[in-house]
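Nothing in this text is a laboratory measurement; each read-out follows from the coordinates by a stated rule. Please read all numbers here as calculations on a predicted model, not as lab measurements. Cβ atoms come from the backbone with ideal geometry, glycine included; neighbour counts cover every protein chain shown.
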C-alpha cells in the first residue's frame, strides 16, 4: 500500500476516535477520556498530518468538512461514500492502493478493499 | 444486536497472550483480515490504548476502534484463564476481552450502541462469576448467548 494512503487511513481513524472520545454518548460508557488523553491523540494526528504532502491534507480536510470523512473504502467495486459502481476494467486493476486516487463521482479519496 | 455479533468462530476460549500487545494481536486473528488490513487495525487499536486503557476493571477489557479498512461491525470475545496485564484501571489482570471494531461511518451510531451493550454484557458476566468455570468452549458460548439475551 502507498505510504500516503496508509497515513490518510490513520488520519481518518484518529478523526473517528476523536469524534467518539468527545461525544457524551461515549463518555457515558465509562471509558477513560481525560483531556490530556484527547490532547495526546490530537498531537498524534498533527504528526501524521505533517508527514503527508500539504495539498493532499488540504483536500482531505475539505472532503472531511463536506462528507464527515476524507477517505472512503471501495467495497465490491462500489464507492462507500456515493455508492457509485466502478467499471470492471478499473476495479480489476492490479495496481490499486499504489497511489492516492479519488472517486470520479464524489471526489473522495478512495481505498480499495 | 450484540447477539447477532456473537459467532463461534470469533471466540477465543483459551487465549495464549501474556502482554497487552500480544492480546490485541491474538484478538484480531479471528477477523481473518489481509496482512495489510490487520496492520492498520492493530495500529488503530494501539493508538486507542495509548490514550487510556480499555481495561475497565474487574478483569474486563473492551479494546475497540473504528477503521476505514473495516466493512462492518465485528466482535471477538477472548477468555484468558491466567489473565493478561492490560494496564487495567484497577491494576488487576484481564480475563475477559471483548474486541469491537467498526467502520468509521456507521448508520445510526450502531457502533456506540453496541459498545454500550458490550459493556453491560461484560459486567453481567462478571456478576455471574461463571465464565472462568465453564466446562468447555460450547458451554462458554452458551453462557455468552444467554447473557447477551439479557442486555
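Cut-off is 10 Å between beta-carbons; in what order do A:83, B:141 appear when sorted fewest neighbours first? Provide the component values of the computation, followed by the final result.
Working: A:83 9, B:141 17.
Neighbour counts put them in this order, fewest first: A:83, B:141.
Compute the relative contact order of segment A:54-97 as a whole-number percentage, counting only Cα pairs closer than 8 Å that sit 6 or more residues apart in sequence.
Values: 26 pairs, mean separation 8.2, N = 44.
Once normalised by length, the contact order is 19 percent.
Determine the equivalent ellipsoid of segment A:3-112 by diagonalising the alpha-carbon gyration tensor, then write out the semi-axes as square roots of 5 times the eigenvalues, largest first, rounded to whole Å. Write down the numbers at each step before the final one.
Numbers: eigenvalues 168, 53, 26 Å².
Working from the Cα gyration tensor, I get semi-axes of 29, 16, 11 Å.
As a test, work out the antiparallel percent of DSSP beta bridges whose residues both lie in chain A, rounded to the nearest 5.
On the way: 5 of 9 bridges.
For chain A, the DSSP antiparallel bridge percentage is about 55.
If we count other beta carbons within 10 Å of each Cβ, what is the order of A:88, B:54, A:33, fewest first? Walk me through the numbers before you get to the answer.
Values: A:88 9, B:54 26, A:33 17.
Listed from fewest to most nearby Cβ atoms, that is A:88, A:33, B:54.
Could you work out Rg/(2.2 N^0.38 Å) for the protein assembly as shown, with Rg from alpha carbons only?
On the way: Rg = 19.0 Å, N = 264, 2.2 N^0.38 = 18.3 Å.
Ratio of Rg to 2.2 N^0.38 Å for the protein assembly as shown: 1.04.
I need the Debye-formula profile for segment B:2-148: one equal scatterer per C-alpha, no solvent, reported as log10 I(q)/I(0) at q = 0.20 1/Å, two decimals.
-1.32
Taking neighbour counts of Cβ atoms within 10 Å as a proxy for exposure, in what order, fewest first, do B:79, A:65, B:38 appear? Present the calculation step by step, with values, prior to reporting the outcome.
On the way: B:79 19, A:65 9, B:38 16.
Arranged by neighbour count, lowest to highest, B:79, A:65, B:38 become A:65, B:38, B:79.
Roughly what % of DSSP beta bridges within the protein assembly as shown run antiparallel, to the nearest 5? If you can, show how the numbers build up before the last one.
Details: 14 of 25 bridges.
Just about 55 percent of them are antiparallel.
Is it possible to state the helix-based mean residue ellipticity at 222 nm for the protein assembly as shown, with each DSSP H run of 4+ residues giving -39500 (n - 2.57), the sum divided by total residues, to the nearest 500 deg cm²/dmol? What is it?
Values: 10 runs with 117 residues, N = 264.
Helix contribution divided over all residues of the protein assembly as shown: -13500 deg cm²/dmol.
Quantify how strongly other chains surround peptide B:44-51 by giving the mean number of their Cβ atoms within 10 Å of each of its Cβ atoms.
Taking the mean over all residues of the peptide, I get 6.
With r defined as the distance between the Cβ atoms of residue B:145 and residue B:105 and R0 fixed at 35 Å, what FRET efficiency is calculated, to the nearest 0.05? Intermediate values should be presented prior to the final figure.
Details: r = 29 Å, r/R0 = 0.84.
The pair residue B:145/residue B:105 has a calculated efficiency of 0.75.
What average number of partner chain Cβ atoms lie no more than 10 Å from the Cβ of the residues making up A:84-91?
On the way: counts 0, 0, 0, 0, 0, 0, 0, 0.
Mean inter-chain Cβ contacts per residue within 10 Å come to 0.
Of the DSSP beta bridges with both residues in chain B, give the percent that are antiparallel, rounding to the nearest 5.
On the way: 9 of 16 bridges.
Of the beta bridges lying entirely in chain B, close to 55 percent run antiparallel.
Which whole-number percentage describes the relative contact order of segment B:12-151, with Cα contacts under 8 Å and a sequence gap of 6 or more?
Details: 219 pairs, mean separation 33.0, N = 140.
Relative CO of segment B:12-151 lands at 24 percent.
Using Cα pairs closer than 8 Å and at least 6 residues apart in sequence, work out the relative contact order for chain A, in percent.
Working: 108 pairs, mean separation 31.9, N = 113.
Once normalised by length, the contact order is 28 percent.
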